[in-house]
Amino acid sequence: MQLQKQIEQEFLTAFKAKQELDLSVLRMLKSSLKNKEIEIKRELKDEEVLAVLKTEVKKRKDSADSFSAADRSDLADKELSEIKILEKFLPEQLDEGSIGSIVDEVLTTLSDEDKSNFGKVMGAVMQRVGGQADGGVVRKVLEEKLK
């Protein structure tokens, strides 16, 4: 709930300051959050708000990649600007070194047969890092450690 209040405050600030890009992105985010609330028929918890935020950031990263591949740097830059606005609400992301140490800790707690099950190890690591790391980065670090 706290995160939604923060988003609403940022929306009002952007509205008063007439920041069109911020206003547009936050309006879209509020709409996505409302759609999620309608889907699950209750108010969202902060973890669910974070999940919606991550989804929106991922959409924009994919769009920016597509625009860059199509040589449309103007649209790619717009998507990247929107990502910066959305990332203000995400928790600080862990670097690869921190993720590596968490992977090492998880690997020491698992049995040998569990270590060979990539999905089980990945799930345990993702549970430990919570929302502080992108799944793709965790997967990359984990693959390096398991080689």
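Please treat every number below as a calculation from the coordinates, not as lab data. Nothing here was measured: the structure is a model prediction, and the numbers come from that model. Neighbour counts are summed over all protein chains in view; Cβ atoms, including those assigned to glycine, are modelled from backbone coordinates with ideal geometry.
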- Which ³J(HN,Hα) values in Hz, rounded to whole numbers, follow from the phi angles of the range 27-44 under the Karplus curve 6.51 cos²θ - 1.76 cosθ + 1.60, where θ = phi - 60° and Gly and Pro get x? 4, 4, 5, 4, 5, 5, 5, 5, 4, 5, 4, 5, 4, 9, 6, 6, 6, 7
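Work through the residues other than V106 whose Cβ is under 12 Å from its Cβ and net out their charges, Lys, Arg +1 and Asp, Glu -1. Please report the intermediate quantities before stating the final value.
Working: positive: K115, K120, R128, K145; negative: D104, E105, D114.
Net local charge, V106 excluded: +1.
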- Item | Dipole of the chain, positive direction: furthest Cα of S116, S98, I40, with charges on the beta-carbon | I40
- the chain, helix-only ellipticity at 222 nm - DSSP H runs n ≥ 4, -39,500 (n - 2.57), divided by all residues, nearest 500: -26000 deg cm²/dmol
- Note on the structure: Labelled set [x] 16.3; [y] 17.3; [z] 18.5; Kirkwood radius over Cα pairs in Å computed from this model equals the value at [y]
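What's the magnitude of the charge dipole for the chain around its Cα centre, counting Lys and Arg as +1 and Asp and Glu as -1 at the beta-carbon? Answer in Debye, nearest 20.
On the way: 26 positive and 30 negative charges, 110 e Å.
Dipole size: approximately 520 debye.
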- About the Cα centre of the range 2-87, what is the dipole size in debye to 20, counting +1 per Lys and Arg Cβ and -1 per Asp and Glu Cβ, all else neutral? 300 debye
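From the square roots a ≥ b ≥ c of the eigenvalues of the alpha-carbon gyration tensor of the range 96-146, which class results: rounded (a/c under 1.5), prolate (a/b over b/c), or oblate?
Working: a/c = 1.58, a/b = 1.55, b/c = 1.02.
It comes out prolate by the Cα gyration axes.
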- Message: Please list, in order along the range 98-112, the HN-Hα scalar couplings obtained from phi with the Karplus expression 6.51 cos²θ - 1.76 cosθ + 1.60 (θ = phi - 60°), rounded to whole Hz, x for Gly and Pro.
- Response: 5, 5, x, 5, 5, 4, 4, 4, 5, 5, 6, 8, 8, 6, 4
- Whole-number percent relative contact order across the chain, with pairs defined as alpha carbons under 8 Å at least 6 apart: 19 percent
- Query: Gap in Å between the Cα centre of the range 127-147 and the Cα centre of the range 1-52?
  - Reply: 28 Å
- Go through the range 122-130 residue by residue and turn each phi into a ³J(HN,Hα) via Karplus (6.51, -1.76, 1.60, θ = phi - 60°); whole Hz please, and just put x for glycine and proline. 4, x, 5, 5, 5, 5, 5, 7, x
- Task: Using a cut-off of 13 Å between beta-carbons, work out the net charge of the residues near A69 (Lys and Arg +1, Asp and Glu -1, A69 not included).
- Result: -2
